[in-house]
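Read the structure below first, then the notes.
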Amino acid sequence: MKPYITLGIETSCDETGAAIYHSTQGLLSNALFSQIELHKKLGGVIPEVASRSQLEKIEPIVTSALEGANITLSQVDVIAVTHKPGLPGSLLVGVCFAKALAWAQQKKLIGINHMEGHIFSSFLENDVPFPHLCLTASGGHTALFLVKDFGDYELIGHTEDDAAGEAFDKIAKLLNLPYPGGPEIEKRAQKVDFIDPFNYPRHNPKSLDFSFSGLKTAVLYDLVKRKQYDMKTKQLLSDDQELKNNVASSLLVCIGDIFAQKMALALKKYPEVKAITFVGGVACNKYLRKRLNTIAESHHLPFFFPSPQFCTDNGAMIAFVGNYKAAQEKFSDLDLDILK
């Protein structure tokens, strides 16, 4: 079978990523422009700001990926691009750019589901066996998948409202902590050795689905009860650093418990699995990785997670999925859009 050289493009939210993946040589390059510093000033991702930045950065990022792989666009066989789910404006930037390249250069085009990119991101550095359980967690999604083969996966649990990363961001904002909230929450929890003084409510332990909106509300009402937050002015009334550390720690332990409960329940339901993977931006969290690794070890299973550069949104995971879809001849037409 002819080896494919795939250009992967990712613009589903606020990152602009491009990468080159070779069927036999693996990942040849991975270029990324992150907007974190821009959105820190704004307190979160502003969709229009994100898409405008991507319009400016997509061409140089794709050029950087090609140069990093030491190839020209003419040598690329396939152009893979995230086309759902995500912010509409951001998705359109990537899809329109990819379609223009594919048409102008007469290249094959493949639309990639962003979630599928994350699900298989751990394969960029690991040989993960099938079937396995994959927990995806970021600011935009929290879900549990039974992964049976390349491109063959089943959603077995999903968030009913907020994602885990979204809960981190919203509660960090409540505490006047910087964006993104996840790293700051973990840093403060570590200062008090991951204690759980407030014992926030855990979501239904009998379900594989997730819910974090209630957790956010529980933290808010607890702060109001402690006379630390004013609902009228929507302001934190205290700059008590110990309080912030304890809230952060209880929050992180609570989410760790939820993840561990869901994974343990899934392992009972699917005893045939051979591994556990943890992917998405929240997989950068060392405490949560430790909690899931403990579950994996208790079931004598290997545990895999991507390096931080492959946890957050990136072109490499899109190029990898695009490459195996090309081998399966699952190409898209030039009418590819963000609604299909």
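The values are calculated or read from the model by the stated rules, or taken from the named source; none is laboratory data. Only a predicted model underlies this, so the values are computations on that prediction, with no experimental measurement involved. Backbone-built Cβ (ideal geometry, glycine too); neighbour counts: all protein chains shown.
Odds and ends about this structure:
- Hits in segment 154-181 - residues which are more than 14 Å from the chain's Cα centre (by Cα) and among the hydroxyl-bearing types (S, T, Y): Y179
- Scanning segment 21-41 for residues that are touching a residue at least 60 places away in the same chain (Cβ under 8 Å), touching a helix residue (DSSP H, G or I) at 6+ places or on another chain (Cβ under 7 Å) and over 13 Å from M317 (Cβ atoms) gives S23, A31.
- Filter pass, I185 being of a type in the set (V, I, T) and in contact with a helix residue (DSSP H, G or I) (Cβ under 8 Å, 6 or more places away or on another chain): yes
- Filter pass, I276 being touching a Pro at 6+ places or on another chain (Cβ under 8 Å) and either touching a residue at least 24 places away in the same chain (Cβ under 8 Å) or not assigned by TED's automatic domain parsing to the domain that holds A98 (or both): yes
- In segment 188-216, of all residues being of a type in the set (K, R) and without any contact (Cβ under 8 Å) to a residue 60 or more places away in the chain, the one that is farthest from V282 (Cα to Cα) corresponds to K206.
- Any hit, segment 126-135, residues being part of a strand (DSSP E or B), within 29 Å of K216 (Cβ to Cβ), under 14 Å from the mean Cα position of the chain (by Cα) and not small (G, A, S): yes
Condition check ((1) among the aliphatic types (A, V, I, L, M); (2) within 17 Å of L124 (Cβ to Cβ)) across all residues:
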| residue | (1), (2) |
| --- | --- |
| S12 | no, no |
| A18 | yes, yes |
| T24 | no, yes |
| I61 | yes, no |
| I71 | yes, no |
| S74 | no, no |
| K84 | no, no |
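- L144 vs. criteria part of a helix (DSSP H, G or I) and not polar (S, T, N, Q): no
- Test set (1) in the same structural domain as T277 (by TED's automatic domain parsing); (2) within 29 Å of I58 (Cβ to Cβ); (3) touching a Lys or Arg at 6+ places or on another chain (Cβ under 7 Å) - L144 fails condition number: (2)
- Residue match in segment 24-46 (condition: within 20 Å of the chain's Cα centre (by Cα), outside the structural domain of A163 (by TED's automatic domain parsing) and under 20 Å from K330 (Cβ atoms)): no
- Count of segment 208-245 residues which are of a type outside the set (S, T, Y) and within 26 Å of the chain's Cα centre (by Cα): 12
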